[in-house]
Amino acid sequence: MSGSDRQDRVWDVAVIGAGMAGMAASLFAAGRGLSCIQIGNGGGILFASGLLDLLGVHPVASRRVWPSPWEGLRSLAADRPDHPLARIGEASVRAALDAFVAALGDAGLPYAPLGEENRTVLTSIGTAKPTYGVPRSMHAGVDALRERAPCLLVDFRGLREFGARQIVATVGSAWPGLRSVRVEFPGFEAVPELYAAHLARVLEEAGPRERTIGLVKPLLGDACAVGFPAVLGLGRSGRVHAAFEAALGLPVFEVPTMPTSVPGLRLKAALEGAVASRGVERRLRAAVGSVTFGGECEGGGPAPGTASLQLGGPSGGERVVARAVVLATGRFAGRGLVAGRDRIREGILGLPVEQPASRESWHRREFLDAQGHEVNRAGLLADEAFRPLDATGKPRWPGLFAVGSILAHQDWMREKCGSGLAIATAWAAADNAARHVRGGGGAA
């Protein structure tokens, strides 16, 4: 496709951003039959653990952990009706997560069935993390942690990002049947430092995989399950995990490793495959330099009812025209929000940001203050259709939607709701974008 051909096409939806929210928005827009183009790279997903949080903690100040994210969401809706997740019906949240997990499964990254409860997952530092969606390769660890049955944790000499002995030392008093062992990774005995992604690729080969299993099998003892760092395959992790379980004759689970991680690589690849299979066109490593809305400039502007996005980066000079735009640029790391000396601004359109009155109010005196920091709740205000508001309190443009962590009134990290926030708001925005494109208005 030539540059001029690209500029002549009018897309139904342009998604700005390729993190979790941008990927979900692209996936859901395409699933509604809308032509979709996505702009940006998904580097942030590499920092993902592979776990899909829905809601783990509310209220933040009391650090209440909810066994059921659905009960937690009902409490959140009563206490914080301005929270983005509180503005989406439970049926829509469930549909969004089901569709997202199904798409990952179709792309070769299966998750354990979703249900009514959060699961508790063992982390690489020996803590227990509440989460909702768990990859199949990690799920046996949920049962092992709950039952505290005898369990063996295996690590590899030279893999610095994971220490089975440290995990046992941290959690061992509460799990006396947990023990650790360190083995040499076959063929890498002389290598001083190992890297998880490299090991994951090597274990997709039958020879190294069988030798690794052969080293571990005599060490099982009374173990009822075996845990490994998350290195059991990359593009074919399901097959590798199944091969380990079959050969060892026990449930096998992975423990999420520190970012950037193999689960992050898997998630990124699965999402890229999912959006590609649904016809989403992507502009990798491109950046949106400016956005112009139809009818707002004299001559040469986009047609009424469309937006024109001028791209920079490798796609510099290209113009993308769309009937709807989804802003999924994230917070500070993704440059969706930009912190200046005295205020926070939105990075592309200059949209007003809900924020503390002064910079002195951004942070509390104690770094680990139970209430969190006010700056973490800064973001864009939006109407009931997730259209960001301008300085007058009205939608900036009828076909502009904002999703994910750029939205105000949420503290996704402390609330353990990052994936749920991204996926559910993307679902709602895709519904409203489809309604807008098809002439039905933007409100749900």
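Every read-out reported here was derived from the displayed coordinates using simple, explicitly stated rules and does not represent laboratory data. Remember, it's a predicted structure, so these values are computed and weren't measured experimentally. Neighbour counts run over all protein chains shown; Cβ positions are idealised from the backbone, glycine included.
One quarter of the surface of the convex hull around the alpha-carbon atoms of the range 9-70 equals 6.2 nm², the direction-averaged projected area. Once backbone amide H atoms are built at 1.01 Å from N, G227 has L152, L153, V154, F253 as its partners under 5 Å, excluding neighbours fewer than 5 places away on the same chain. Against the chain, whose longest principal axis is taken from its Cα atoms, helix 20-31 shows a tilt of about 70°.
If you bin all the Cα-Cα distances of the chain at 10 Å, starting from zero, the percentages per bin are 4, 21, 28, 23, 15, 7, 1, 0.
When you filter the GluC sites (Glu not before Pro) in the range 358-398 for DSSP loop state and at most 16 other Cβ atoms inside 10 Å of their Cβ, you are left with E366, E384. Please sort by residue number the trypsin sites (Lys or Arg not before Pro) in the range 350-441 whose DSSP state is loop and whose Cβ has at most 14 other Cβ atoms within 10 Å. Listed in order of number, the matching sites are R364, R365, R438.
Here the Kirkwood formula puts the hydrodynamic radius of the range 235-378 at 19.8 Å, using every distinct Cα pair. The C-alpha atoms of the chain define a longest principal axis, and helix 262-277 lies at about 50 degrees to it.
Computed from backbone phi, the HN-Hα couplings of the range 278-294 come to 9, x, 6, 8, 10, 10, 6, 6, 8, 10, 8, x, 7, 10, 10, 9, x Hz, rounded to whole numbers (Karplus: 6.51 cos²θ - 1.76 cosθ + 1.60, θ = phi - 60°; Gly and Pro given as x). Projecting the Cα atoms of C36, L199, G439 onto the dipole axis of the chain, where Lys and Arg carry +1 and Asp and Glu carry -1 at the beta carbon, places L199 farthest toward the positive end.
For L368, the shell of other residues with beta-carbons less than 12 Å away shows a net charge of +2, using +1 for Lys and Arg and -1 for Asp and Glu. With a Förster radius of 22 Å, plug the Cβ-Cβ distance of S68 and R165 into 1/(1 + (r/R0)^6) and report the FRET value to the nearest 0.05. For R0 = 22 Å, the calculated efficiency reads 0.05. Our helix-only sum for the chain, with -39,500 (n - 2.57) per DSSP H run of n ≥ 4 divided by its residues, gives a mean residue ellipticity at 222 nm of -9500 deg cm²/dmol.
Its relative contact order, with pairs defined as Cα atoms under 8 Å and 6+ residues apart, puts the chain at 23 percent.
Sparse packing (at most 11 other Cβ atoms within 10 Å of the Cβ) combined with a DSSP loop state is found for the following trypsin sites (Lys or Arg not before Pro) in the range 26-79: R63. When V325, V216 are arranged by Cβ crowding within 10 Å, least crowded first, meaning fewest neighbours, the order is V216, V325. Note on S277 and A128: the model spin-label points, each 7 Å out from Cα along the C-beta direction, lie 3.6 nm apart. Using a Gaussian network for the chain with springs between C-alpha atoms less than 10 Å apart, which of these wobbles most: A77, A61, A286? Result for the chain, Cα springs under 10 Å: A61 fluctuates most. On the principal axes of its alpha-carbon atoms, the range 124-255 has extents of 36, 27, 27 Å, going from largest to smallest. Given a Förster distance of 56 Å, report the FRET efficiency between D222 and E360 from their Cβ-Cβ distance, rounded to the nearest 0.05. For R0 = 56 Å, the calculated efficiency reads 0.45. A crude spin-label estimate for the pair F367 and A391, with each label 7 Å from Cα along the Cβ direction, gives 3.8 nm. Taking a straight line from the alpha carbon of K416, these lysines sit under 17 Å away, with near neighbours fewer than eight places off in the same chain left out: K129.
Going from the fewest other Cβ atoms within 10 Å to the most, the residues C224, C417 appear in the order C224, C417. If you fit an axis through the alpha-carbon atoms of helix 69-79 and take the longest principal axis of the Cα set of the chain, what angle between them do you get, 0 to 90°, nearest 10? That works out to roughly 40 degrees. Each 10 Å bin from 0 upward holds the following percent of the Cα-Cα pairs of the range 26-150: 11, 35, 36, 16, 2, 0. Computed from backbone phi, the HN-Hα couplings of the range 119-129 come to 9, 10, 10, 6, 9, 6, 10, x, 8, 10, 10 Hz, rounded to whole numbers (Karplus: 6.51 cos²θ - 1.76 cosθ + 1.60, θ = phi - 60°; Gly and Pro given as x).
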